[in-house]
Each structure stands twice: as C-alpha cells, then as structure tokens.
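For reference, the structure is listed below as structure tokens.
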Amino acid sequence: MRLNGIGSRILTTAAFAVALLTAGAVAHAQDTGQAQPTQQQNSTTTAATSDQDKPYTIAPDGTVSWPVFSGFRRFNSECIVCHGPDGVGSTFAPALIDSLKVLTYEQFLDTVTNGKTEVNTAVQKKMPAFGTNPNVMCFIDDIYAYLKARSDGVLGRGRPQKHDPKTADVGQAEDACLGG
Amino acid sequence: MAKLMPASGFILGLAGAVSLWSASALANDELLKLQQDPKQWVMPLGNYAGNRYSKLDQINSKNVKNLQVAWTFSTGVLRGHEGGPLVIGNMMYVHAPFPNTVFALDLSKGGQIVWKYEPKQDPNVIPVMCCDTVNRGVAYADGLIFLHQADTNLVALDAMTGKEVWKVADGDPSKGETGTSAPMIIKNMVLVGTSGGEFGVRGHVTAYDVKSGKQVWRGYSMGPDSDTLMDPEKTTALGQPVGKDSGTATWKGDQWKIGGGTTWGWMSYDPDLNLVYYGSGNPSTWNPVQRPGDNKWSMTIWARDADTGMTKWVYQMTPHDEWDYDGVNEMQLVDQKIDGKERKLLVHFDRNGFGYTLDRVTGELLVAEKFDPAVNWATKVDLKTGLPDRVKQFSTEAGGQDTNTQGICPAALGSKDEQPSAYSPKTGLFYVPTNHVCMDYEPYKIAYTAGQPYVGATLSMYPPKGDSNLGNFIAWDATTGKIKWSIPETFSVWSGALATAGNVVFYGTLEGYLKAVDAETGKELYRFKTPSGIIGNVNTYEYDGKQYIAVLSGVGGWAGIGMAAGLTGDQEGLGAVGAYKALSQYTALGGTMTVFALPE
C-alpha cells in the first residue's frame, strides 16, 4: 500500500509543565474489560480544562513526554492516510494542526469516536468512526496531546528526537487495552 | 446486453466509420484482435502482455516538439486520477475516482458525451480506502464496459447506452475490502483483484462470467490449498512443489485469515500458455514481530490457469515482509534473448527495488537486480533460492518493536509503485517510472478490529542521502538487469509510461508535466504543464487519420497524502541539500483529461 510519512527533523523546543490529559472520556469497549490506555493524573474530563489546553510536556532540551511521542506514532499510523504526515492535512482531509485551534477536546473526541460525514455534489468527505478501534481509542489522549503540541506550534514536523521512556506501567496499560 | 451483439455493431451504429471485426465466441477473441490495432486503446495496459506500447508513429522523435493540446475534458472530480481512457472505435471511455463516474465520449462528434454513469455508493467506503479514492480504469469486452467500484461492486455497463447490465459485489467494504483496480477480460471472464491490505482483509482474484456476472473461480493469496487453488505437488515455486497448505503453514495460528496479500495491481495474460499473471501485496500487519513466518503467499508473483484459477507457479519475492513492499506492480510479458537463447519472459519492477526477469512458462528466476542504486535492505537476490540477502541494519524485525530502524531504502512506497512501465520492442528497453525515497520505520503492537486500519508502524520518508530528487524515470535492460539511462525528477514519477514506434516515450510528473523523451537516449523532446499533477497513465490512439496522446491529470493518491505536504526542514543527518518544496506549491486538485496532437 502507499502510505506516506515524509518527515523532517525540526523540533521546536519549548517547556511546558502540565499534567497529562485525562483518559476518563475514552469510551471504547475492550474484550479484556481494561479501559485505561494511558497514565492518568486527573480522573475527570470536567476538571481538566487547563490540561486540555496544554496536554503535553516538552522539556527545554526537546524531550517530549511519552504521550506526545506515543501520539506521534499512533497518529502517523492510523490518521496519516487521510490527515497527512504530522497533521498537516492532505488533498482530501483537513490539517488537524489547524482544526485543533478551534475544536474542543470534547468535539475532537466525539469526531474520532463517531466519525463525521460531509458528502454532497462538491465534496466527498467522510471521517470514519474509530470508536471500536483499540489502536486509536487506547491512545486517543496521546494523539490529542501530540496534535495539540503540533497545533500550538511548540512541536515541529517529523519524529520527536527525544522522549521520556516508555515505563512498565505504560507498557502494561497498552497491553491490557490492546487485549494482551 | 444481447448475447450476440457484436462490438462492431454499436460502433457502426454510432459513427459508421470504423473497420469491421467479426463477432466471436469468446470476448477474449475480439480483444486479441483489437489489441493489435494501434488505432485503439482497448485495455488499460494497451495489450494482454502489459507492454503499454503503440505502433503508431505519426508523432515521432523529430516532430513531437510541435505537439499541441487538441482538446480537454473535465471529470468534475477532485480526487486523485489514476489509470487512463480506453478508445474503442469512435468511442472513448473516461473514468474518475470516487464516486467512480464513467463517461462515454463520441470522438466523431468532438468528444460529445454519449452517456454518463455515476453509481450510488455508501460514502462509508471513502475512509476505508487507504490512500485516496483512486480507480485505475475500466475494461471493455463484448459491447460491455466493466467498472470496479470503490465499494467492490463489479458492474457491467452497456457500452452504447451506459445502462447497467449486471452488478456483483466482490467484497465487503465494512470489513475494509475496497475496489481500486482495473478489471481484466480473459476468455469469457472478467477478473478483479482486491484492495484493503491495511485493514487485515484476505486478498484474492476472482473471475466472473462476462455475460452474467456469475463467479467462475476465486483464488486467495493465503489459506488452505482449496482457497489458494494450489496443488501441493503440481504447483511449483522455483521448480519445487509448494507442498501441502503452504498458505497456512507459513503463518502463526490463524493469522492468515487477516493476512492481507491484496491484489490491487495490474494483470497480464499469455493466451498461448493460458496463464494469467499478477502480484499479491503486503501481509497484514506492518509490524513484522507480530506476524512470524514467511507469510505465503503475500508479496508473490502468481501464474494461474485462466480457466480454472489453479496455480501453475508462484515466486515470493519478499518472504516475511518488514517494509510494506507490496508485490502488485505490473507483469510485463516479452520474448527476448537471454544468453543467446530466445525466452518467454516475465519482467516485474517490484516495490522492493529489484527488477525481476523470470521464465514465464516455468517461473524460473533469471535476473534480479536493483533498478535504483539506492536500494539497501538487501545486497542481492539468490537466483537459485530466490531469497533476498537481507541487511540486518535495515531489518525492522531485527530492530524490533518500539525501535525506529533508520535509513531503509526504498521507503514503503517502493522504488516503484503501481504506475505501470512501458516496453518498446524496437529498442528492447523498459521505461520505468520510479520513486527515489528512503525511510525510517518503527513497528509496534496493534490489535485487529474488522473494518478498521490494521497498520502497526510509523514511518518517516526522505530522499536518499546526498540526493535531492524524489524520483527517476529510467530505461532498463531486463536481459542483463542494467539501467540504460536515468532522468532525475523532482518528485516521484507516479504516471504510467507509454512507448511508441515513433521512438518517443511519454510520462507524466507530479508537478503536472506531460513529458516526451527520446526512446534511445532519454533526451527530453517536449513538455507541457497540464492543469494538475499527473498520476494517470499516458495512452495513445488514432482517430480520423490523426494520432492523439491522452492523459488524465488530477493529483492525489499517495501524492495527495504525502507529497502534497512536502518535505520541510534540513533533513539533518541525511545529507540532503536544501529544502524540498511541497507539491502543493506546484499544483492543485482537479481531474482533467488533456489530449494532444500535432498541428494541422
């Protein structure tokens, strides 16, 4: 198949010390019954407004928090085919680095979970519903964190050069969410 | 459609100005004759051998510089336009990506629209098409036009009226099965392949009866012998029997059921051997660690008996894929001398960067050489075992999950993708549109959900170290496996080539240029910038004594996803000089056919 990820290695460094976005709104159904894809530092969506504003950390040396890196990987696998490498859009799907400037976290989550349709004589745009896709939903907050960092202009295109390690907890949560 | 309606009937009925050919017992027989007539372009690759060559020579290397636009036609669709128009008599058939509009144009009336067909399709199919909603063209036989829709419906249309004659669903888009490939007519059957390798579908090729749409046979890319249509003793791989259930034994558990190996490329047919040739694509998932085994028969060249679908021979080019090097590219059938001996050859330019020359009777491997010097994932291919000699540094399996394996050439799009090559019997050379792109590849664990993407790797792509061009257009000698000449192109060359007896070779570029080059030297003779980037194939035909060149422009497909975003930054560590401009700075969307001719 033909999948592209032309990436550069620019990394805009910036320091933000914010908590990770909550995963409480993730509503995916897993066979295992596990439903916590990422580490959580907050437990409700309502209390997380400021975290949703900046759901990422990027250290002065450019080291990104694990969710941002994880989001980079998952975005550039699941979402890239329409939304383009690094969220810059394609000939048929919007640039999410722009969309996230206006979409709220709830709108983002709703669109990813349930999809969106805009099909008429001039436009054939169809966003699929990813609600049942663990490869997306287990990492939805990671993807959001990554896109928000991109959208805020604090993370450049391409693969983040440095990232926090993947902890054992994260690995276990990932395995549990993906179903073993 | 009336059974005995001869093709000549409707054409005469419309124009009354074309030569007669007889109605025949097999749809095939008519096409066997038609493909010899250089005035027409009756199947997407020009002929059954897949040569994309025309005997027309009114436009030649001396006068091609005078080429002018004769007329243009808008499809009204914005997405990527692959494939090209067919010309049968005075009729031209032009197709478009989703919603898969088909137009029948009357060349005797200045391209007047005789009919337009636009299927109603569930828009839910759009996002399960991995890389834009492309379609690679329609097929013609027996007074019918065959369209393979995005939603996998194969539709037979009355070539004269556009009326639907029959329709059959080849797959299930809710599971990620989609249609992008052009159908192929063989005997009284229409053959189609599948798309959806990134959704964990199981690929197959299916033959349907031309008249009724009834299924004749279906051969899967993996599964038990009853599915793959293999005989453990008689079906061979490099001369050796494949053994029992090779399509399940080389997989872990029942992973073969979601094994990929889709068949979205081009088919060829040798009527003397009665064999149909095509390639199968990547095994699902892209994470090789999760998918142990050779994963047969993904990444394979197939030779099947056209009547029964039984597999005569197979050759798996990339066992246990680690890079998404689909094997679906066209299979060119030529007769050439190797070591002084005339051989029936099959020539294939694979995504993995090797140009393969095989004996198409037996499947013996004769030549396997890199057609892009940048290829580094393997040093060579052993002609006896057929195995690539892999380089551990570039193995994403050896690197493992959560490891970013860097500097692999080619990238997942391959040294060449679906864009079909051309072959000139006059020069004995193949003209190949190629990609010149490398990648980093990081596989990681994923889970399968029906109808959802099943990829499992993140990629970054960039030009090879020290180079600034993302593509080349090359001339290749398949008997020796050597590049004769190579033209660097700013972007991947994503357009099907055309070679002509006028010693001119045509191809399109992603910026939108139609280019004509000298078949011997590669010297550029002509260029014209069409309205949008070209990912379509260049075709030619003659009408009313005049030779025309036709090509669809309309950027999209792979290019619409990636190239449009462009390369930015300094590519530090990779040695590329300067910044690469995004394709969006060169061209914008829109499907248009441009037809060229010499001035009066």
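Restricting to region B:66-95, count the residues that are under 22 Å from residue B:52 (Cβ atoms), more than 14 Å from chain A (Cβ to nearest Cβ) and either assigned to a loop (DSSP other than H, G, I, E, B) or of a type in the set (Lys, Arg) (or both).
Within region B:66-95, residues that are under 22 Å from residue B:52 (Cβ atoms), more than 14 Å from chain A (Cβ to nearest Cβ) and either assigned to a loop (DSSP other than H, G, I, E, B) or of a type in the set (Lys, Arg) (or both) number 5.
Out of (1) among the basic types (Lys, Arg); (2) in a helix (DSSP H, G or I); (3) facing chain B (nearest Cβ under 10 Å), the odd one out for residue A:150 is which?
Only one criterion in (1) among the basic types (Lys, Arg); (2) in a helix (DSSP H, G or I); (3) facing chain B (nearest Cβ under 10 Å) is unmet by residue A:150, namely (3).
Among the residues of region A:64-76, is there at least one that is surrounded by fewer than 20 Cβ atoms within 10 Å (Cβ to Cβ), more than 10 Å from chain B (Cβ to nearest Cβ) and more than 13 Å from the chain's Cα centre (by Cα)?
no
Name the single residue, out of those in region B:122-150 being out of contact with any Phe, Trp or Tyr (no Cβ under 7 Å at 6 or more places or on another chain) and assigned to a loop (DSSP other than H, G, I, E, B), that is farthest from the other protein chains (Cβ to nearest Cβ).
Per the stated criteria, the residue is B:142.
List, please: which pairs have Cβ atoms under 9 Å, are six or more places apart or on different chains, and start with a residue in region B:324-345 that is within 14 Å of chain A (Cβ to nearest Cβ) and end with one that is of a type in the set (Val, Ile, Thr) and part of a strand (DSSP E or B)?
B:327/B:300; B:327/B:301
State whether one or more residues within region A:158-168 are modelled with pLDDT under 95, part of a helix (DSSP H, G or I) and within 10 Å of another protein chain (Cβ to nearest Cβ).
No, region A:158-168 contains no residue that is modelled with pLDDT under 95, part of a helix (DSSP H, G or I) and within 10 Å of another protein chain (Cβ to nearest Cβ).
Could you say which residue among B:80, B:50 is buried (at least 23 other Cβ atoms within 10 Å of the Cβ) and either of a type in the set (Lys, Arg) or at pLDDT 95 or above (or both)?
Values: B:80 fails: either of a type in the set (Lys, Arg) or at pLDDT 95 or above (or both).
Only one candidate qualifies: B:50.
Is at least one residue of region B:479-486 part of a strand (DSSP E or B) and of a type in the set (S, T, N, Q)? Steps first, answer last, please.
In the first step, residues of region B:479-486 are kept if they are part of a strand (DSSP E or B); the result is B:482-486.
Those left that are additionally of a type in the set (S, T, N, Q): B:486.
Taking every residue of region B:479-486 in turn, at least one turns out to be part of a strand (DSSP E or B) and of a type in the set (S, T, N, Q).
What do you reckon, is residue B:462 within 14 Å of chain A (Cβ to nearest Cβ), surrounded by 24 or more Cβ atoms within 10 Å (Cβ to Cβ) and touching a strand residue (DSSP E or B) at 6+ places or on another chain (Cβ under 7 Å)? Outline the logic, then answer.
Working: within 14 Å of chain A (Cβ to nearest Cβ): yes; surrounded by 24 or more Cβ atoms within 10 Å (Cβ to Cβ): yes; touching a strand residue (DSSP E or B) at 6+ places or on another chain (Cβ under 7 Å): yes.
Yes: the conditions hold for residue B:462.
Tally the residues that are aromatic (Phe, Trp, Tyr) and either outside any loop (DSSP other than H, G, I, E, B) or without any contact (Cβ under 8 Å) to a residue 12 or more places away in the chain (or both), restricting the search to region B:247-301. Talk me through it step by step, then tell me what you get.
If we filter region B:247-301 for residues that are aromatic (Phe, Trp, Tyr), which is where we start, we get B:251, B:256, B:264, B:266, B:269, B:277-278, B:286, B:297.
With the extra rule that they be either outside any loop (DSSP other than H, G, I, E, B) or without any contact (Cβ under 8 Å) to a residue 12 or more places away in the chain (or both), the set shrinks to B:256, B:269, B:277-278.
Residues flagged as aromatic (Phe, Trp, Tyr) and either outside any loop (DSSP other than H, G, I, E, B) or without any contact (Cβ under 8 Å) to a residue 12 or more places away in the chain (or both) within region B:247-301 amount to 4.
Of the residues B:422, B:457, only one is modelled with pLDDT of 90 or more, at the interface with another protein chain (Cβ under 7 Å from one of its Cβ atoms) and at negative phi; which?
Details: B:422 fails: at the interface with another protein chain (Cβ under 7 Å from one of its Cβ atoms).
That would be B:457, the only listed residue that is modelled with pLDDT of 90 or more, at the interface with another protein chain (Cβ under 7 Å from one of its Cβ atoms) and at negative phi.
Evaluate region B:302-314: report whether one residue or more is of a type outside the set (Lys, Arg), assigned to a loop (DSSP other than H, G, I, E, B) and within 18 Å of residue B:180 (Cβ to Cβ). Let's see the steps before the verdict.
Initial filter on region B:302-314 (of a type outside the set (Lys, Arg)): B:302-303, B:305-311, B:313-314.
Those left that are additionally assigned to a loop (DSSP other than H, G, I, E, B): B:306-310.
When the remaining residues are screened for being within 18 Å of residue B:180 (Cβ to Cβ), the result is none.
Taking every residue of region B:302-314 in turn, none turns out to be of a type outside the set (Lys, Arg), assigned to a loop (DSSP other than H, G, I, E, B) and within 18 Å of residue B:180 (Cβ to Cβ).
Of the residues that make up region B:535-558, is at least one within 14 Å of another protein chain (Cβ to nearest Cβ), outside any loop (DSSP other than H, G, I, E, B) and modelled with pLDDT under 95? Can you show your working first?
Here is the first cut: in region B:535-558, the ones within 14 Å of another protein chain (Cβ to nearest Cβ) are B:535, B:553-558.
Cutting the leftovers down to outside any loop (DSSP other than H, G, I, E, B) gives us B:553, B:557-558.
Now narrow it down to the ones that are modelled with pLDDT under 95: B:557-558.
Looking through region B:535-558, at least one residue is within 14 Å of another protein chain (Cβ to nearest Cβ), outside any loop (DSSP other than H, G, I, E, B) and modelled with pLDDT under 95.
The values are calculated or read from the model by the stated rules, or taken from the named source; none is laboratory data. What you are looking at is a predicted structure, and each value in this text was computed from that prediction instead of being measured. Ideal geometry is used to build each Cβ from the backbone, glycine not excepted, and the neighbour counts take in all protein chains shown.
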